[in-house]
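Chemist: One structure is given below, represented as structure tokens, and several questions about it will come after.
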Amino acid sequence: MPKFVEMDQTVTLADQLKDEGGAVVLVNTFVVRPEEADRLLAAWAADAAIMKRQPGFISTQLHRGVAGSGAFLNYAVWESTAHFRAAFANPEFRARLGEYPENATASPHLFRPVAVPGICVA
């Protein structure tokens, strides 16, 4: 199972899962030794297949750091925190966490778009 490391020490994922607002974007970074990248990819793909079947799932995309990096970034769009919370608690998903490399770290965090005038819309 990966070691979970909070992205923001002041607002934990557990705190965020209590949110009852609308659509959210999950950003999750993973770090593994580069030689364990294939194992991480296999575990993530199996998890993504489970998540795609869950109510409220919209989309996901995985990125890998360049030049042989063992850093990965996933973002997934969900209709609501409640939908993500239910999917994250899904026993099928939870059982698969042991498939990740033992030295992997994961830092999941929920976000919402921010409008910045003249730059981007929410």
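Nothing in this text is a laboratory measurement; each read-out follows from the coordinates by a stated rule. Quick caveat: nothing in here was measured; it's all calculated off a predicted structure. All Cβ positions, even for glycine, are placed from backbone atoms using ideal geometry, and neighbour counts span all protein chains on display.
Chemist: Need one number: % antiparallel among DSSP beta bridges in the chain, to the nearest 5.
Modeler: Here the share of antiparallel DSSP bridges comes out near 90 percent.
Chemist: Taking only DSSP H segments of four or more residues, each worth -39500 (n - 2.57), what value at 222 nm results for the chain once the sum is divided by all its residues, to the nearest 500 deg cm²/dmol?
Modeler: Here the helix-only value at 222 nm equals -7500 deg cm²/dmol.
Chemist: Starting from the range 1-64, pick out the GluC sites (Glu not before Pro) whose DSSP state is loop and whose Cβ has at most 15 other Cβ atoms within 10 Å.
Modeler: Within the range 1-64, the qualifying GluC sites (Glu not before Pro) (loop, at most 15 other Cβ atoms within 10 Å) are 6, 20.
Chemist: Pick out, in residue order, every one of the trypsin sites (Lys or Arg not before Pro) in the range 52-122 that is DSSP loop and has at most 15 other C-beta atoms within 10 Å; say none if there are none.
Modeler: Counting only loop positions with at most 15 other Cβ atoms within 10 Å, the trypsin sites (Lys or Arg not before Pro) in the range 52-122 are 53.
Chemist: Check which residues have an amide H placed less than 5 Å from residue 4's amide H, if you skip close sequence neighbours.
Modeler: Distant-sequence amide H within range of residue 4: 106.
Chemist: Helix 37-52 versus the longest principal axis of the chain: what is the Cα-based angle in degrees, 0 to 90, to the nearest 10?
Modeler: Approximately 40 degrees, to the nearest 10.
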